[in-house]
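Each remark here refers to the structure printed beneath this line.
The values are calculated or read from the model by the stated rules, or taken from the named source; none is laboratory data. Not measured: the values here are computed from a predicted model. Neighbour counts run over all protein chains shown; Cβ positions are idealised from the backbone, glycine included.
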Amino acid sequence: MNIGVFGAGYIGGTLTRRLAAVGHKVFVANSRRPESLAELAAETVATAVTAHEAARSGDVIIVTIQESSVPNLTKDLFDGVSPEVVVVDTGNYYPQQRDGRIAPIEDRHA
């Protein structure tokens, strides 16, 4: 299966390693350039790509970035991606430890 992974931190890096190890073709992207993922790509045989390429490379797309970074994703990131593609979001919201208060999340629970 082709799998696109957004994020190469603890969760994204672990998923990239495990999914590649069991034979999936993994395309991994981060907020920097694909070249910054050279070590992870070499270790796992994953393909380092841009976020737009990752969105268009998989049968499944896994978003593993922190919630406070979601608004920084480009609005057209999933334009043209098949509606058949499954998107999994591993995000966890940590307002006190990492993310700060995110009004759209907090205001929905008020």
Checklist entry - Taking the condition among the β-branched types (Val, Ile, Thr), in a strand (DSSP E or B) and modelled with pLDDT of 90 or more, does Val87 pass? => result yes
Checklist entry - Got at least one residue in the stretch 86-98 being among the basic types (Lys, Arg) and more than 13 Å from the chain's Cα centre (by Cα)? => result yes
Checklist outcome for this item: Of the residues in the stretch 19-36, those that are in contact with a Ser or Thr (Cβ under 9 Å, 6 or more places away or on another chain) and either buried (at least 18 other Cβ atoms within 10 Å of the Cβ) or modelled with pLDDT of 95 or more (or both) come to Leu19, Ala20, Ala21, Lys25, Val26, Phe27, Val28, Ala29, Asn30, Pro34
Next on the checklist: I need a count of the residues in the stretch 62-73 that are modelled with pLDDT under 90, farther than 11 Å from Ser31 by Cβ and among the β-branched types (Val, Ile, Thr).
Outcome noted: 1
Checklist entry - Of all helices (runs of 4 or more DSSP H) completely enclosed by the stretch 1-83, which ones contain at least 2 residues that are in contact (Cβ under 8 Å) with a residue 40 or more places away in the chain? => result 10-21, 51-55
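Quick one: in the stretch 45-76, which of the residues that are β-branched (Val, Ile, Thr) and surrounded by fewer than 19 Cβ atoms within 10 Å (Cβ to Cβ) is farthest from the chain's Cα centre (by Cα)?
Here the answer is Val45.
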